[in-house]
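The values are calculated or read from the model by the stated rules, or taken from the named source; none is laboratory data. Because the structure is predicted, anything quoted here is derived from the model rather than measured. Note that each Cβ is placed from the backbone with ideal geometry, even for glycine, and that neighbours are counted across all protein chains shown. These area figures cover heavy atoms from the full protein model, side chains too; ligands, DNA and RNA do not enter into them. Shrake-Rupley method; radii C 1.70, N 1.55, O 1.52, S 1.80 Å.
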Amino acid sequence: MTTDLEKTLEQLENEVWGDVEDESYLIDTCKRLRKTPISQFTAEDFRIMIGQDISLDILIPLAMDMLSQNILAEGHFYAGDLLVSVITSEEAFWKKNKGIWIAMLALIEKNMAAIEADDPFKILRKHIANFRKIHAA
């Protein structure tokens with residue numbers, strides 16, 4: 001399935017969340033991003049929305065495309081924060097989408113040298129180890 005990147009999440013899901021109402025930074029940001037064409041999303045935008053488990057069916061495959069260009073793509077926190085957001089997202093999504101899980105594992109394995117080189121505290125590797133266990137049974 002190809003996603004029309006010029007559409008917003010609200011258009012793609014046919015679900016409007018309402019206007020930004022000065023609730024909190026995070027809620028306002030998520031509502032604003034649902035009204036933003038996906039083509040305008042940055043690594044930080046993907047990190048925020050995926051970190052909140054919003055629209056995973058649409059956003060994770062697109063984030064994986066971004067990660068295939070740079071496995072350590074970063075939002076506002078640190079190199080690899082998008083990767084962490086993706087692999088720590090809702091486990092139910094990964095259980096339901098084993099093919100995407102397998103593709104994500106392959107992407108990680110392909111880039112493991114870069115991950116290890118930029119992971120002095122082994123934080124990414126700990127998240128990866130937990131991610132590998134999702135379908136290990």
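Within segment 45-71, the only residue that satisfies the criterion of being of a type in the set (Ser, Thr, Tyr) and open to solvent by 50 Å² or more (accessible area, probe 1.4 Å) is Ser68.
Going through (1) buried (at least 16 other Cβ atoms within 10 Å of the Cβ); (2) of a type in the set (Asp, Glu); (3) under 28 Å from Ser24 (Cβ atoms) one by one, Glu91 falls short only on (1).
Tell me which residues, restricted to segment 104-137, are hydrophobic (A, V, I, L, M, F, W, C) and open to solvent by 50 Å² or more (accessible area, probe 1.4 Å).
Restricting attention to segment 104-137, the residues satisfying the condition of being hydrophobic (A, V, I, L, M, F, W, C) are 104-108, 112-115, 117, 121, 123-124, 128-129, 131, 134, 136-137.
Matches in segment 104-137: Ala106, Ala113, Ala117, Phe121, Ile123, Ala136, Ala137.
Of the residues that make up segment 72-85, is at least one surrounded by 13 or more Cβ atoms within 10 Å (Cβ to Cβ), closer than 25 Å to Gln11 by Cα and among the hydroxyl-bearing types (Ser, Thr, Tyr)? Within segment 72-85, one or more residues are surrounded by 13 or more Cβ atoms within 10 Å (Cβ to Cβ), closer than 25 Å to Gln11 by Cα and among the hydroxyl-bearing types (Ser, Thr, Tyr).
Taking segment 1-106 as the region of interest, the helices (runs of 4 or more DSSP H) fully inside it that hold 1 or more residues being within 23 Å of Arg132 (Cβ to Cβ) and aliphatic (A, V, I, L, M) are 43-51, 56-69, 81-87, 91-96.
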